[in-house]
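Reading through the structure tokens given below for one structure.
The values are calculated or read from the model by the stated rules, or taken from the named source; none is laboratory data. Just so it is clear, the model here is predicted, and its values are computed rather than measured. We place every Cβ from the backbone using ideal geometry, glycine too, and count neighbours over all the protein chains shown. SASA here: full protein model, heavy atoms, side chains in, ligands and nucleic acids out. Shrake-Rupley method; radii C 1.70, N 1.55, O 1.52, S 1.80 Å.
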Amino acid sequence: MSSPRENRSSTLLLVGAWLWVGLPLAYGLYRLFLNAAKLFV
Amino acid sequence: MVTVGDKVGFLARERQVAPPGWNRWLVPPAALAIHLSIGQAYAWSVFKTPLEKSLGITGTQSALPFQLGIVMLGLSAAVLGTTVERRGPRWAMLMSLLAFCSGLLISAAGVWAGQYWVVVVGYGLVGGIGLGIGYISPVSTLIKWFPDRPGMATGIAIMGFGGGALIASPWSTSMLSSFGATTSGIGQAFLVHGIVYAVFMSLGVLLIRLPSPEFTAEKAALLKDKPKGTVSHNVSANNAIKTPQFWLLWVVLCFNVTAGIGILEKAAPMLVDFFKESSTPVAATAATGFVALLSAANMAGRFVWSSTSDIVGRKNIYRLYLGVGALLYLVLLTVGSTSTPLFVIAAMVILSFYGAGFATVPAYLRDLFGTYQVGAIHGRLLTAWSVAGVLGPLIVNAIADAGKKAGHVGPDLYATSFYIMIALLVVGFVANELIRPVDPKFHEPKVADETDSPSPKGDDEATVARWNEAEAADVAETAEKEDAEGVVKK
């Protein structure tokens, strides 16, 4: 059984890792949808 | 030959095995850190015009680094696939980081020196090797961690390759705006790219782990309700290419990719041409929005359809990609010019199938050949992509040019190439139908025993043991040869 402290650091690692890749991807998607919107104006 | 970093230290395969309790959801971000970075290759076009103006080169010349990079992607994935499997994903990701980022730094030096050939060698050759190693690096590891959802797992990673261009394109554009589109500015942009991507990719190197022996028990629980979740045989990469299944899948991937490129290559002018004569013509700026929507569909398809393949099966999902893909091309041909929304939606679905074809193929390979050397087999299959990358644009551009010369306008410009795409998809559909389970004579005998009655060792430990046995046999064979030839060892 892992301790609560280990659990917390494991969760932090998981969240941090997904943010690391998720934030740039979100920026890319935001710019993509700005471009895509041109089709409807 | 045993090298530092192979058997000892941070890169040793044994050190790559996860500690007990390692969360498997840490593996997809590790894979994404690599794929989102190397996907930058598809944003190369951002550098084309500034390079042409500052170095006085032609459009054909400015496309060379990208083209060489894609050729090197296929070649290095095919040639280095078995090495990647043997040395493990951390080694592969580090090599990908070093090659890809060195390529960008060499390009920076090349631009500053005004030597364009250095950019071609740096970005295309060195960086291209990084693309190939990076592309296949997380595949087999993801499949081992997600035996219950291999399509979804590889779909996430390969979606990252599509997403890489979405990030790089606006980022590189704004960097060139602030540094200036001169040799100095382009060099600075390459330098910043090299450094930032090295930092970004390092997450993958640090985070990637192979499943631990304890995961075997967890795996059994994951596969409890999934009788098709396990593959009871394994085929080596060398044997896989001797099977008809490999070559049928090669045809499926090649033609599915070619069909997608059929739209991608000419997307913006195609939309304008289709509705030129209609009451609702499409402006060129709106056409760039269409290209963006296609990119979104390409990326989403990689995740959505590949995940769906875990439920409906790999053969069925390729029936959808190829069969419905052919029908949608027919829709574009017959009624496409009557409605812009219909045209856009049909093209988006075709592009979602294009991306999904890439993302689902590792799971299809795993179903056919097992997990033993699936990364290496995937690497060899990627040569189909290299061929399609040449074939697709060649067909579409040649036919459009010939159509213009013949005086065709509007949808007629694309009719012949659409018919060719339909024919290719039908051939791909037939090839998919012909795929049967691999003949047992190609199976690895030892692994079959292990899978039927699980060994106390974990999957990966068993794989390491097999690699070590194979290496020991190679060393013994070489020693015997040298003895026979009278070679004196120092």
Integer Hz, Karplus 6.51/-1.76/1.60 couplings in order for the stretch B:426-437, x for Gly and Pro: 5, 4, x, 4, 5, 4, 5, 5, 7, 6, 10, x
Computed helical MRE - 222 nm, chain B, DSSP H runs ≥ 4 contributing -39500 (n - 2.57), nearest 500: -24500 deg cm²/dmol
Largest to smallest accessible area among B:R90, B:R15 [probe 1.4 Å]: B:R15, B:R90
Rounded accessible area of B:H443 (nearest 10 Å², 1.4 Å probe): 40 Å²
Over the stretch B:114-260, equivalent-ellipsoid semi-axes from the Cα gyration tensor in Å: 38, 21, 15
Angle in degrees between helix B:340-369 and the longest Cα principal axis of chain B, rounded to the nearest 10: 10 degrees
Whole-Hz couplings from phi, Karplus 6.51/-1.76/1.60, listed for the stretch B:234-240; x for Gly and Pro: 9, 10, 6, 4, 5, 6, 4
Cα centre as origin, Lys/Arg/Asp/Glu Cβ charges: the stretch B:161-239 dipole, Debye: 220 debye
Lys, Arg +1 and Asp, Glu -1 on Cβ, resulting dipole of chain B about Cα centre, debye, nearest 20: 620 debye
Cα gyration tensor category, rounded, prolate or oblate, for the stretch B:231-442 with a/c compared to 1.5: prolate
Estimated vicinal HN-Hα couplings, Hz - the stretch B:166-174 in sequence order (Karplus 6.51, -1.76, 1.60; Gly, Pro = x): 5, 7, 5, 4, x, 5, 5, 4, 5
Diffusion coefficient, µm² s⁻¹, Stokes-Einstein with Kirkwood Rh over alpha-carbon pairs of the protein assembly as shown at 20 °C and 1.002 mPa s: 88 µm²/s
Angle between chain B longest axis and helix B:459-485 axis [Cα atoms, degrees, rounded to 10]: 80 degrees
Cut-off under 5 Å, modelled amide H: who pairs with B:L210 long-range: B:V17, B:A18
Inter-site label distance for B:T285 and A:R8 at 7 Å from Cα along Cβ, in nm: 5.3 nm
Cα-centre dipole for the stretch B:231-442 with unit charges at Cβ (Lys and Arg positive, Asp and Glu negative), debye to 20: 460 debye
For the stretch B:291-309, residues shielded by at least 10 square angstrom of accessible area compared with the chain on its own, probe 1.4 Å: B:A292, B:L293, B:A296, B:M299
Listed residue pairs exceeding 27 Å between alpha carbons, taken from A:K38/B:K315; B:K53/B:K404; B:K315/B:K441; B:K48/B:K266; A:K38/B:K266; B:K219/B:K242: A:K38/B:K315; B:K53/B:K404; B:K219/B:K242
Whether the stretch B:239-354 is rounded, prolate or oblate, judged on the alpha carbon gyration tensor where a/c under 1.5 counts as rounded: prolate
In the B-A interface, the accessible area buried, summed over both sides, Å² (probe 1.4 Å): 2100 Å²
Chain A: calculated mean residue ellipticity at 222 nm from DSSP helix runs of at least 4, using -39500 (n - 2.57): -29500 deg cm²/dmol
Acute angle (nearest 10 degrees) that the helix B:89-113 long axis makes with the longest principal axis of chain B, alpha-carbon atoms: 40 degrees
Net length gained if the chain between B:L394 and B:K441 were fully extended (0.36 nm per residue, minus Cα distance): 13.0 nm
B:K404/B:T83 FRET efficiency (R0 30 Å; Cβ-Cβ; nearest 0.05): 0.05
Two-decimal Rg/Rh across chain A, once Rg and the Kirkwood Rh are taken from alpha-carbon atoms: 1.39
Built amide H within the under 5 Å cut-off of B:F275, gap 5+: B:V282
Accessible area of the protein assembly as shown belonging to carbon and sulfur atoms, whole % at 1.4 Å probe: 66 percent
Cα gyration tensor category, rounded, prolate or oblate, for chain B with a/c compared to 1.5: oblate
